[in-house]
Amino acid sequence: MSRASAIARAQAYFDDGAFLADLTRRVAIPSSSQEPARAAALAAYLADEIAPVLKKLGFGCRILDNPNGPPVLVAERIESPDFVTALVYGHGDTIAGQDDRWRKGLSPWRVTVEGDRIYGRGTADNKGQHSVNIGSLAAVIAERGALGFNCKILLEMAEELGSVGLRELCAKHRDGLLKADLLIASDGPRLAAGTPTVFLGARGGFPIDLTVTLREGAHHSGNWGGLIANAAIVLAQALATITDARGAIRVPEWRPKLPQSVRDALAGLEVDGGDDGPTIDRDWGEPDLTPAERVFGWNSFEILAFTAGTPDQPVNAIPGSARAHCQLRYVVGTDVADIIPALRRHLDRHGFRQVEARAGRGSHFYASRIDPADPWVAWTKLSLQRTAGKPPAILPNFGGSLPNDIFTDVLNLKTIWVPHSYAGCSQHAPDEHLLTPIAREGLGLMAGLFWDLGDADLKQPAH
């Protein structure tokens, strides 16, 4: 019975094909939360796939009704009231399959292995990642005969909808079913494919809709060009005031402070999206920041869609209206309540009172992170370094958005995220895939982490 043997068990689970078999079964369940017709698949993923696996590991399982969305699975294995309690989070829902956009020979709901890539919807986000963690827990239980800590597992099916209902469920059960000391979870990408990574929170994602409505309908450009305002030009000019020509934000209230502790954590880190990822534009974004600081420590404004006239069938007509769907990715320290008012003041100062600015539809995640100096961060770093033979990258938060704020603010947990994917995985796109080297290494890293969490001789932070 040893740590090394637990890691070997976890990696043997990968090597003998059992991990791939489990993931193949899970990907075949078309659990897209963005398609109402898939509601039955969301419930089946929890009840028919995940719950039976966890019950075999000695977890008691409950599937909770979610009044605002799909059900949520909570499993718990309580070994001693004196042990630390970890909450392990994941999500079993995916975005839409986008079936007709995948490369020939690939399908979103069928696993295909090519070289070191496992293709299929959810392989990276998030079925593959929580499968790594469940497999690692199983390896520790098999080797030690117990975990040595208390473990609760929360698996939701609405993360791709903004985790609707999760905040309310966590508030309801924070003093009982979901009471824990820290969160250990896996989602999002590593800093680079070959770099074990820990991140401590997430940027928020705030949707913004900008519209210009000058008149009903469109008017012939030959008869009216130069006489009436063009809504698309007005909106384009307004958008151009929000950033400069290189995308650096010009709305003063949207420019956050960059704490020294965050700078220190990001010093020397290089962002790498892999061979298939886009090349980083070194001359884009805030000029005085490194690429790592721009994506992990700063805010970014993006135009995601812009519509005016009839783009697919252009005609010689001046559009009377135009709209843009935008997004502000923001870090801790940004006043969420002032995002739209600050934009309104900015547009007014630049003479664009006819541009309407409002929050986009749907729920969104808020920015949150724990202090990089928290003792649990140092503890995690040592555990992962012990397994990998090299220190992991520590990110204050990752660039995307997750329901981390629910865990920090509602459940009052320290949050540790250990991702098992990389930025070039085609997450939220056709041809999504999981890299086999990361999955195998992740099984070893998490088995070591869970082993250390249950090691009575290894001192843990106070809980």
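The values are calculated or read from the model by the stated rules, or taken from the named source; none is laboratory data. Bear in mind that the values here come from a model prediction, so they are computed numbers and not experimental data. Please note: Cβ atoms are built from the backbone with ideal geometry, for glycine as well, and neighbour counts cover all protein chains shown. Accessible surface is based on the protein model in full, side chains and every heavy atom, while ligands, DNA and RNA are left aside. Shrake-Rupley method; radii C 1.70, N 1.55, O 1.52, S 1.80 Å.
Local charge for residue 30 was computed over the other residues whose Cβ lies under 10 Å away, with Lys and Arg +1 and Asp and Glu -1, and equals 0.
Could you let me know the centre-to-centre spacing of region 380-444 and region 1-52, using Cα atoms, in angstrom? Spelled out, the Cα-based centre of one part sits 18 Å from the other. Note on the chain: with neighbouring protein chains present and a 1.4 Å probe, carbon and sulfur make up 51 percent of its accessible heavy-atom surface. Over the chain, what is the percentage of antiparallel beta bridges among all DSSP beta bridges, to the nearest 5? For the chain, the DSSP antiparallel bridge percentage is about 70. Remark: spin-label model distance residue 2-residue 382 equals 2.1 nm, labels positioned 7 Å along the Cα→Cβ axis. In this structure, residue 275 and residue 213 have a Cβ-Cβ separation that, at R0 = 35 Å, corresponds to a calculated FRET efficiency of about 0.20.
Computed from Cα atoms, the angle from the helix 3-15 axis to the main principal axis of the chain rounds to 60 degrees.
In terms of the mean number of neighbouring beta-carbon atoms within 10 Å, the peptides 166-176, 189-199 order highest first as 189-199, 166-176. Highest mean first, the peptides 424-433, 233-242 sorted by other C-beta atoms within 10 Å per residue fall in the order 424-433, 233-242. Take region 1-40 with all the other protein chains still there, run a 1.4 Å probe, and you get 50 Å² of accessible area per residue.
For region 155-194 versus region 58-83, the spacing of their alpha-carbon centroids is 12 Å. Annotation: for a label point projected 7 angstrom from Cα along Cα→Cβ of residue 428, residues of region 83-119 with backbone N closer than 17 Å are 91-98. Three semi-axes describe the equivalent ellipsoid of the chain; taken as square roots of 5 times the Cα gyration tensor eigenvalues and ordered largest first, they are 42, 24, 21 Å.
The long axis of helix 339-349 is offset from the longest Cα principal axis of the chain by roughly 20 degrees.
Axis of helix 231-242 versus longest Cα principal axis of the chain: the two differ by about 50°, to the nearest ten degrees.
Take region 195-306 with all the other protein chains still there, run a 1.4 Å probe, and you get 51 Å² of accessible area per residue.
Over region 81-190, the fraction of Cα-Cα pairs per 5 Å bin, rounded to whole percents and listed from the shortest bin up, is 2, 10, 16, 19, 17, 14, 10, 6, 4, 1, 0. Of all DSSP bridge pairs formed entirely within region 1-154, close to 70 percent run antiparallel. Using a probe of 1.4 angstrom and keeping all protein chains present, the accessible surface of region 82-124 works out to 39 square angstrom per residue. Ranked by the mean number of other Cβ atoms within 10 Å per residue, highest first, peptides 123-135, 309-321, 341-353, 410-422 order as 123-135, 410-422, 341-353, 309-321. Take the Cα of residue 68, step 7 Å toward its Cβ, do the same at residue 110, and the gap between the two points is 3.9 nm.
Restricting to DSSP H runs of at least four residues, report the calculated mean residue ellipticity at 222 nm for the chain, -39500 (n - 2.57) per run over all residues, nearest 500 deg cm²/dmol. Taken over the chain, the calculation gives -8500 deg cm²/dmol. Centre-to-centre, using Cα atoms only, region 254-273 and region 118-144 are separated by 30 Å. Within region 323-367, find all residues whose amide N lies under 20 Å from a label point positioned 7 Å from the Cα of residue 224 along Cα-to-beta-carbon. Residues 323-324, 354-356 fall inside that zone.
Contact order, relative form, for the chain: 26 percent (alpha carbon pairs under 8 Å, 6 or more residues apart, mean separation divided by residue count).
When Rg and Dmax are taken over the Cα atoms of region 341-395, they come to 21.6, 59 Å.
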